[in-house]
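Working notes, structure below.
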Amino acid sequence: MARKYKLLSQSEGNLTKLQQEAKYKAEFLAKDGFKALPLEAPEFLPPYGKQEYERLAPQMQKLPVRDLDLTSVLLYCTWYAAYRETLDYLKDIPNVDKTSRLEGYLSLNKITTNIKALSSDLGLTVNSRMQMNVEALTEKKGPKSMKERYG
């Protein structure tokens, strides 16, 4: 599995000029020309989801997360709201009610799995989007042979 992508400004170590240029181009392509993410949370989000959206949106303005990513961000915030509501539910259940607690923890497991899947599979994280751009920039031109594709 590949390492997480770091912004050029956060990269440590000695990068060649070619590597620095590839990182710069990837960052530029990831955020260039798209409408910014709105700062205000949509009304339909649950309360915890609105809080999370309004916490993240200003920070995401600095990153290459754009309005095109709004659906993924809203899904993340919805799952985050479900996560918080499940934690509240578990807090209110007495320890002797093992069945309800188990159901709550099973829900919590499913919720955290979905949050992780959103961030990696749908490109919600800057890392995954930049990694795609770096691969596109460094990919050789022309069709690949079967040997090059599959080893």
Subject >> Positive minus negative residues near Lys50 (Lys, Arg vs Asp, Glu; Cβ under 14 Å) >> reply: -3
Subject >> Under Karplus coefficients 6.51, -1.76 and 1.60, residue-wise ³J(HN,Hα) of segment 103-114 in Hz, glycine/proline x >> reply: 4, x, 5, 5, 5, 4, 4, 5, 5, 5, 4, 5
Subject >> Long pairs among Lys25/Lys50; Lys35/Lys110; Lys25/Lys116; Lys23/Lys116; Lys50/Lys91; Lys50/Lys110, criterion Cα-Cα beyond 29 Å >> reply: Lys25/Lys50; Lys35/Lys110
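Just so you know, all these numbers are worked out from the coordinates, no wet-lab data involved. Predicted model, so just to flag it, every value in this text is computed and none were measured. Glycine gets a Cβ as well: all are built from the backbone with ideal geometry, and neighbour counts include every protein chain shown.
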